[in-house]
2 protein chains.
Amino acid sequence: MPAMPDQTDKPGAEPQVGAPVGAGRNLLFLREEELRLAQDLLFFGYRDFTAGPDKLLAELGMGRAHHRVLHFVGRRPGITVGELLGILGITKQSLARVLTPLVEQDYVLQATGRSDRRQRLLSLTPKGEALERQLFERQREWVMRAYREAGPVAVEGFRRVMRGLMGAEARAQLERLEAPAPPRAAAASLVRAG
Amino acid sequence: MPAMPDQTDKPGAEPQVGAPVGAGRNLLFLREEELRLAQDLLFFGYRDFTAGPDKLLAELGMGRAHHRVLHFVGRRPGITVGELLGILGITKQSLARVLTPLVEQDYVLQATGRSDRRQRLLSLTPKGEALERQLFERQREWVMRAYREAGPVAVEGFRRVMRGLMGAEARAQLERLEAPAPPRAAAASLVRAG
DNA sequence: AAAAATGTGTCAACCTTGCTGACCAAACAG
DNA sequence: CTGTTTGGTCAGCAAGGTTGACACATTTTT
């Protein structure tokens, strides 16, 4: 994913949508008010984006942290604990607090690595997949509504801006996530579930 | 509200891809992948978006909750405690824990309302404005980078999608925030700082 | 073979920021 | 006067982060 060469200082390109303001689009573009609006949008948007899953999770005695584990393990079956830590950006102890119950309750499976037997390769059990899918469905409908209302051009713009909001590390991790399922060796040897 | 049975003994009763046609399946897969990407983007993007202020706040012994108060009070000088509670979507007690120290440390000013003297109209002190500005600058640069890289069309799209991700309540609140500052009566009568 | 580094697990303590329930006081509205 | 609204506060609980220290198996290096 190379950097897209879109014009930021070229005055020729106007947003396709008629904003209420007509004057000096260019000047307005970087005005303080626009950036404060971005803060608001991210706060409200992210909060409501996570509200659906949160409610469901609460009924199961889980939280957002569990969802994140289910999500990223589902996205990368066979991921190691270390890789997951890198993606989540939390400490080993924090992860343990959510991962251990997930393994004990048969949502996540741990298998010892084949090439390196110190590793614990994580994957979702059928039960875990079912829950992840339920959680996903909630967000899927929510996001689809937003996508439909906004239109495809807006969606592409949304993605570009969100990528820009990510740091270099996160971008690298996202690329790996988008990659075509790498080592493929989830169901390995010894199972280590409690 | 779908109350979910915990016992998911049956592995994913319905295959998520209901369409029997190959092409349809592919389309559905792409759609799902797109939506999962949205999840990733929001997770990474929001995390890195808040990382800058978080670091600064930590040095002052504050957290994200303090920032939110500073942000919304700065956005709406003269806001009442009740309105702020509505925007943040937290309980009075949770707000008190961050608001009280902010008032005691002279970041936020409380003035009794003119029309209703039970109300405490909140506004930023110069000290509070200075801190809010520092926090804002960090996010401003971060967002500006993303906006510049993405371009104006993408930014407009981003805004549309983020609005779509908000619930009806949040949209109404955002509209009020974007409005031209209505009551305008911040520096009222009695000061109530500790 | 011995030593070092790596991957993972775990105990213990602490912080922030949500939550609930209960109760109080001031001010407004009838 | 009575009742409601707005706000403050005390006390306790939980989730989910943090750090530090240590244990253990395994792999790599010397």
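The values are calculated or read from the model by the stated rules, or taken from the named source; none is laboratory data. Remember, it's a predicted structure, so these values are computed and weren't measured experimentally. Using ideal geometry, Cβ is built from the backbone for each residue, glycine included, and neighbour counts are taken over all protein chains shown. The area values use the complete protein model at the heavy-atom level, side chains included, leaving out ligands, DNA and RNA. Shrake-Rupley method; radii C 1.70, N 1.55, O 1.52, S 1.80 Å.
Numbers at a glance
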| item | result |
| --- | --- |
| Options A:Leu99, A:Leu122, A:Leu131, A:Leu84; residue that is closer than 19 Å to A:Lys55 by Cα and in contact with a strand residue (DSSP E or B) (Cβ under 9 Å, 6 or more places away or on another chain) | A:Leu131 |
| Whichever residue in the stretch B:57-85 is within 11 Å of DNA strand C (Cβ to nearest atom) and basic (Lys, Arg) and, among such residues, is nearest to B:Ala179 (Cα to Cα) | B:Arg68 |
| Residue list for the stretch B:54-84, filter: assigned to a helix (DSSP H, G or I), surrounded by 17 or more Cβ atoms within 10 Å (Cβ to Cβ) and near DNA strand D (Cβ under 10 Å from one of its atoms) | B:Val81, B:Glu83, B:Leu84 |
| A:Arg97 under 17 Å from A:Leu121 (Cα atoms), of a type outside the set (Gly, Ala, Ser) and at pLDDT 95 or above | no |
| Pair list, Cβ < 7 Å and 6+ apart or interchain, from the stretch A:126-152 residues that are more than 22 Å from B:Gly164 (Cβ to Cβ) to residues that are among the β-branched types (Val, Ile, Thr) and modelled with pLDDT under 95 | A:Lys127/B:Thr8; A:Ala130/B:Thr8; A:Leu131/B:Thr8 |
| Matching option when the condition is in a helix (DSSP H, G or I), open to solvent by 30 Å² or more (accessible area, probe 1.4 Å) and modelled with pLDDT under 95, among A:Arg176, A:Arg163 | A:Arg176 |
